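S.K.: Handing you a structure now.
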Amino acid sequence: CLDCHPDQRARLLMPSRHPVREGRMECNACHDPHGGQPGQAMLRTTERPNDLCYTCHPSKQGPWVFEHEPVEESCA
């Protein structure tokens, strides 16, 4: 993936990022280059927009009095 997406390679050097460099996940864990949702970073489809995120981030799933800001609409 990173051969064609050098901008994403730069993002993987940031302190807050997904653990792709460490080998704990791969890009296709969330992205489907052959059938994802166009315009939404080719994300794998789920029934609700944030369900894919909750598979690795269950602590962000509410309901909470004060929701984690991206969860209110869509993590994407």
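Where a number appears in this text, it was derived from the coordinates with a stated rule and is not lab data. In this text the structure is predicted, and so the values were computed from the model without any measurement.
S.K.: Please work out how much length the chain gains when fully extended from Met25 to Glu47, using 0.36 nm per residue of separation minus the C-alpha to C-alpha distance, in nm with one decimal.
M.R.: Additional length available on full extension: 5.7 nm.
S.K.: Once amide H atoms are placed 1.01 Å from N in the peptide plane, what residues at a sequence separation of 5 or more from His31, or on another chain, have their amide H within under 5 Å of its amide H?
M.R.: Answer set, sorted by chain and number: Arg44.
S.K.: Here is a follow-up. Taking θ as phi - 60°, what are the ³J(HN,Hα) couplings along the stretch 12-24 by the Karplus curve (6.51, -1.76, 1.60), each to the nearest whole Hz, with x for Gly and Pro?
M.R.: Going residue by residue, I get 6, 8, 6, x, 9, 7, 7, x, 6, 4, 7, x, 7 Hz, with x marking Gly and Pro.
S.K.: Expressed in nm to one decimal, what extension gain is obtained for the pair His34 and Val65 from 0.36 nm per residue of sequence separation less their Cα-Cα distance?
M.R.: Length gained between His34 and Val65: 7.3 nm.
S.K.: Another one. Could you give the length gained on full extension between Cys56 and Cys4, defined as 0.36 nm per residue of separation minus the Cα-Cα distance, in nm?
M.R.: Stretched fully, the Cys56-Cys4 segment lengthens by 16.1 nm.
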